[in-house]
Amino acid sequence: MSILVDESTRVAVQGLGRAGLFHAEQCIRFGARIVAGIHPGRGGTKALGFPVFDSMREAAREARPNASLVFVPAGGAADAVHEAIESEVALVACITEGIPALDMVGVADALRGSHTRLVGPNCPGVISPGKCKLGIMPGHIHQPGSVGVVSRSGTLTYEAVGQLSTLGIGQSTCIGIGGDPVIGTSFIDVLELFENDPGTTAVVMIGEIGGSAEEEAAEWVKGHFSKPIAGFIAGATAPPGRRMGHAGAIIAGGKGTASEKQAAMKASGIAVAPTPADLGSTLAALL
Amino acid sequence: MKVHEYQAKEVLRAYGVPTPRGIVAGTATEARAAAEQLGGKVVVKAQIHAGGRGKGGGVKLASQADEVYVRARSILGMNLVTHQTGPEGREVKRVLIEEQVPIAREIYLGITLDRSLGKPVFMASAEGGMEIEDVASENPDAILKEVISRGRLHTFQARRLALGMGIRGDILAPTVRAIGSLARAYDESDATLVEINPFVLTHDGRAVALDAKMDIDDNALFRHPDLAALRDSAEEEPLETDAINHGLNYIKLDGNVGCMVNGAGLAMATMDIIQYAGGMPANFLDVGGGADKGQIKNGFRIILSDPNVKAILVNIFGGILKVDVLAAGIVAATQELNIAVPLVLRLEGTNVEQGRAILAESGLDFIVAGDMKEAAEQAVARAA
């Protein structure tokens, strides 16, 4: 088993530029069934064997996707997500980086009470190894298995997955929730899905400095999560007041430090990896 | 993107937020002329991108034009050190000359994004002039909050904030109007922060933004050319601006191990593991997902322009960024830039075998590490 994506996922790709096409091809290689592309102006053509539509509404009617992967550039990405929400696409993974924060506030409003779950933006997407890849992560480092991975960071997720696979530990589903201040799916949302997934037996949770999402998740874990978790917080050595790449990774007003987050995780029984090189071994010790 | 106080006030005035009358000056002579034009008593305020200017000696009162000249001359060109500038301080290039207003009361007004709610929140506190972080930790109940939904702060919400601070009578209406205008300015400017500390009520019945701090969302500058023009590069670290111009994200730090990494999370984790290995990172550098040869070269150039760098650790987990492309970039950069410090490479991901072959065939003296921990230990040892 797995969460969010599997063999039955019908994928639409929004934005078929260079990156969109490259990754669509990679997704197909690692098991995604792409049923439609959306690229205004190219409706009626084909790309990589799937039909291309001018709008999500047309794609939804003709190809019935239940997931979408968004590569639309930052200025139009929020609009693309709104379009997918309007067409009631169940899952949207938005890869795009650099979306204005207030655009995402509008998207978050539209998501409330809708039929859509958004993962991201500014994230690597979701993969259930051996079943479906809805994202930009390198497919070959994954192995099917029963460890769930959830992270705010992209390449650090790859690092964790690489360490797990090297140790022979496969993954049920790996999700990058994104490094922006406003995101569609939180740690808690993903943990709840992992808790209810019989195919997931343990979880790696990777946070970073800034905000309070890790503390909130750790608090939630206390009463709601029964499976072992290995955790890590990136940015223990980052200086306050500086935005470390991700718009959301900033220690502001003395809040959002790694030590606070690590303490919250430990207080909830999460095994915190001492260094990023120990992500795999910390999880392995819990199995 | 940060803007200066005088720029923030110009933006806010356009939305109807009252501010003191003021004129910005770049020389003491201009400052005197500004004071003469304003008439009466004025304040001379240093314009730098940092708070705490008053405590650092960057804000002075003056009662006549000659005094303004003297004050401005001492502030302009000074190296102003505040709790936000770091010990090196910041050179003052401009002063804002503003009329003094008869202060009856000081309050705090601020708008920022509440990440848990996914919405902007308007904060107000009767304790104006204090750092909001201090109020939040000592007396959190003293901070009143109203959530801004769909870009709008309703008038009743603005009124509730004002009433909550005990503002009553004739001054209520102008305060509520100013609060509403601030919310509109935040929304329409794509700000990430608007902070008025203090906002003052005056003895002559006015509600005025005495100070103003405004940060604009860098990601939204593409649709605000007028705001983008307010950027003051002189206030920014030149290497960081250089990096942005090449699609890189660089932050200078104090150590001697340079780092080049793809992805912000992995870049932070690399800084962390350098410290666990007993060293100190010289920088944060995220080359991003799709770095090309030119970006790799510029990344090395920027890292090496910091003379403290004694070794460089390259930590790449290639997904989109293919390791062979990266390796070719490293070889080219090493030759073109004559890199003399030890290079420790930890490369993983797509096309890693081809990448390692390129490094081996180059004949150059790289230290290739198998994992992150070994890479960090090697780099720290070489830098020591």
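Take the residues in segment B:166-182 that are open to solvent by 10 Å² or more (accessible area, probe 1.4 Å) and in contact with a strand residue (DSSP E or B) (Cβ under 6 Å, 6 or more places away or on another chain), then tell me which one is farthest from the other protein chains (Cβ to nearest Cβ).
B:Ile171
How do the strands (runs of 3 or more DSSP E) wholly within segment A:94-160 filter down when requiring 1 or more residues that are of a type in the set (Gly, Ala, Ser), closer than 21 Å to A:Gln14 by Cβ and within 11 Å of chain B (Cβ to nearest Cβ): which remain?
The qualifying strands (runs of 3 or more DSSP E) are A:125-128, A:132-135.
Consider only pairs whose beta carbons are under 8 Å apart and that are at least six residues apart or on different chains; among these, list those whose first residue lies in segment A:197-208 and is in contact (Cβ under 8 Å) with a residue 60 or more places away in the chain and whose second residue is in a strand (DSSP E or B) and aromatic (Phe, Trp, Tyr).
Final answer for the pair search is A:Val204/A:Phe232; A:Met205/A:Phe232; A:Ile206/A:Phe232.
Looking only at segment A:161-174, which residues are within 14 Å of chain B (Cβ to nearest Cβ) and within 14 Å of the chain's Cα centre (by Cα)?
A:Val161, A:Cys174
Cβ-Cβ below 9 Å, separation at least six or inter-chain, first residue in segment B:218-241 and free of Cβ contacts under 8 Å to residues at least 12 places away in the same chain and more than 14 Å from every other protein chain (Cβ to nearest Cβ), second part of a helix (DSSP H, G or I) and open to solvent by 60 Å² or more (accessible area, probe 1.4 Å): which pairs?
Pairs found: B:Thr241/B:Ser233.
Select from segment B:101-122 the residues that are among the hydrophobic types (A, V, I, L, M, F, W, C) and touching a residue at least 40 places away in the same chain (Cβ under 8 Å) and list them in ascending order.
Filtering segment B:101-122 down to residues among the hydrophobic types (A, V, I, L, M, F, W, C) leaves B:101, B:103-104, B:107, B:109, B:111, B:113, B:117, B:121-122.
Correct list: B:Val101, B:Ile103, B:Ala104, B:Ile107, B:Leu109, B:Ile111, B:Leu113, B:Phe122.
Restrict the check to segment A:139-155 and report whether at least one residue is polar (S, T, N, Q) and surrounded by fewer than 24 Cβ atoms within 10 Å (Cβ to Cβ).
Yes, some residue in segment A:139-155 is polar (S, T, N, Q) and surrounded by fewer than 24 Cβ atoms within 10 Å (Cβ to Cβ).
Return the residues of segment B:85-106 that are touching a Leu at 6+ places or on another chain (Cβ under 9 Å), charged (D, E, K, R) and assigned to a loop (DSSP other than H, G, I, E, B); say none if nothing qualifies.
Pass one, segment B:85-106, residues touching a Leu at 6+ places or on another chain (Cβ under 9 Å): B:89-95, B:97-101, B:103-106.
Retained after the next criterion (residues that are charged (D, E, K, R)): B:90-91, B:93-94, B:98-99, B:105-106.
Selection gives B:Lys93, B:Arg94.
Could you list all residues from segment A:188-226 that are touching an Asp or Glu at 6+ places or on another chain (Cβ under 9 Å) and either closer than 19 Å to A:Ser259 by Cβ or assigned to a helix (DSSP H, G or I) (or both)?
A:Ile188, A:Met205, A:Ile206, A:Gly207, A:Glu208, A:Ser212, A:Glu214, A:Glu215, A:Trp220, A:His224
Please determine whether any residue of segment B:139-162 is assigned to a loop (DSSP other than H, G, I, E, B), closer than 22 Å to B:Thr202 by Cα and open to solvent by less than 70 Å² (accessible area, probe 1.4 Å).
no
Results for (1) loosely packed, with under 15 Cβ neighbours inside 10 Å; (2) in the same structural domain as B:Glu195 (by TED's automatic domain parsing); (3) under 18 Å from B:Ala234 (Cα atoms), shown as yes or no for each residue.
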{"residue": "B:Ala14", "(1), (2), (3)": "yes, yes, no"}
{"residue": "B:Glu30", "(1), (2), (3)": "no, no, no"}
{"residue": "B:Gln47", "(1), (2), (3)": "no, no, yes"}
{"residue": "B:Ser63", "(1), (2), (3)": "yes, no, no"}
{"residue": "B:Asp66", "(1), (2), (3)": "yes, no, no"}
{"residue": "B:Val81", "(1), (2), (3)": "no, no, yes"}
{"residue": "B:Arg90", "(1), (2), (3)": "no, no, yes"}
{"residue": "B:Arg94", "(1), (2), (3)": "no, no, yes"}
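Where residues in segment B:128-138 are under 25 Å from the mean Cα position of the chain (by Cα) and open to solvent by 30 Å² or more (accessible area, probe 1.4 Å), which of them is farthest from the other protein chains (Cβ to nearest Cβ)?
Among residues in segment B:128-138 that are under 25 Å from the mean Cα position of the chain (by Cα) and open to solvent by 30 Å² or more (accessible area, probe 1.4 Å), the one farthest from the other protein chains (Cβ to nearest Cβ) is B:Gly129.
Of these, A:Glu97, A:Glu58, A:Glu7, which one is within 30 Å of B:Tyr186 (Cα to Cα), open to solvent by 30 Å² or more (accessible area, probe 1.4 Å) and not aliphatic (A, V, I, L, M)?
A:Glu97 is the lone residue from the list that is within 30 Å of B:Tyr186 (Cα to Cα), open to solvent by 30 Å² or more (accessible area, probe 1.4 Å) and not aliphatic (A, V, I, L, M).
Can you name the number of the only condition in (1) in the same structural domain as B:Gln37 (by TED's automatic domain parsing); (2) buried (at least 21 other Cβ atoms within 10 Å of the Cβ); (3) over 30 Å from B:Lys41 (Cβ atoms) that B:Leu113 fails?
(1)
If we scan segment B:277-293, do we find a residue that is in contact with a helix residue (DSSP H, G or I) (Cβ under 8 Å, 6 or more places away or on another chain), more than 8 Å from chain A (Cβ to nearest Cβ), open to solvent by less than 10 Å² (accessible area, probe 1.4 Å) and assigned to a helix (DSSP H, G or I)?
Among the residues of segment B:277-293, not one is in contact with a helix residue (DSSP H, G or I) (Cβ under 8 Å, 6 or more places away or on another chain), more than 8 Å from chain A (Cβ to nearest Cβ), open to solvent by less than 10 Å² (accessible area, probe 1.4 Å) and assigned to a helix (DSSP H, G or I), which makes the answer no.
For residues in segment B:357-377 being out of contact with any Leu (no Cβ under 7 Å at 6 or more places or on another chain) and touching a residue at least 40 places away in the same chain (Cβ under 8 Å), which is farthest from B:Leu266 (Cα to Cα)?
B:Glu377
From the list B:Ala185, B:Ala269, pick out the single residue that is facing another protein chain (nearest Cβ under 9 Å), open to solvent by less than 40 Å² (accessible area, probe 1.4 Å) and assigned to a helix (DSSP H, G or I).
Answer to the selection: B:Ala269.
Can you tell me how many residues within segment A:22-55 are away from chain B (no Cβ under 14 Å) and either in a loop (DSSP other than H, G, I, E, B) or open to solvent by less than 50 Å² (accessible area, probe 1.4 Å) (or both)? Spell out how you get there, then give the answer.
At the first step, the residues of segment A:22-55 found to be away from chain B (no Cβ under 14 Å) are A:28, A:31-55.
Right, trim to either in a loop (DSSP other than H, G, I, E, B) or open to solvent by less than 50 Å² (accessible area, probe 1.4 Å) (or both) and you get A:31-32, A:34-45, A:47-55.
Total satisfying the criteria: 23.
Taking the condition open to solvent by 30 Å² or more (accessible area, probe 1.4 Å), more than 24 Å from the chain's Cα centre (by Cα), touching a residue at least 12 places away in the same chain (Cβ under 8 Å) and under 24 Å from A:Ala277 (Cα atoms), does B:Ile320 pass? Explain how you work it out, then say what you get.
Details: open to solvent by 30 Å² or more (accessible area, probe 1.4 Å): yes; more than 24 Å from the chain's Cα centre (by Cα): yes; touching a residue at least 12 places away in the same chain (Cβ under 8 Å): yes; under 24 Å from A:Ala277 (Cα atoms): yes.
It is true that B:Ile320 is open to solvent by 30 Å² or more (accessible area, probe 1.4 Å), more than 24 Å from the chain's Cα centre (by Cα), touching a residue at least 12 places away in the same chain (Cβ under 8 Å) and under 24 Å from A:Ala277 (Cα atoms).
Residues checked against (1) at pLDDT 90 or above; (2) open to solvent by less than 10 Å² (accessible area, probe 1.4 Å); (3) facing chain B (nearest Cβ under 10 Å); (4) over 25 Å from B:Phe284 (Cα atoms):
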site: A:Pro228; (1), (2), (3), (4): yes, no, no, yes
site: A:Gly231; (1), (2), (3), (4): yes, yes, no, no
site: A:Ala234; (1), (2), (3), (4): yes, yes, yes, no
site: A:Pro239; (1), (2), (3), (4): no, no, yes, no
site: A:Ala249; (1), (2), (3), (4): no, yes, yes, no
site: A:Thr257; (1), (2), (3), (4): yes, no, no, no
site: A:Met265; (1), (2), (3), (4): yes, yes, no, yes
site: A:Asp278; (1), (2), (3), (4): yes, no, yes, no
site: A:Ser281; (1), (2), (3), (4): yes, no, no, yes
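The values are calculated or read from the model by the stated rules, or taken from the named source; none is laboratory data. This is a predicted model, so every value here is computed, not measured. Heads up, the Cβs are rebuilt from the backbone with ideal geometry, glycines too, and the neighbour counts pull from every protein chain shown. Heavy atoms of the whole protein, side chains included, go into the accessibility calculation; ligands, DNA and RNA do not. Shrake-Rupley method; radii C 1.70, N 1.55, O 1.52, S 1.80 Å.
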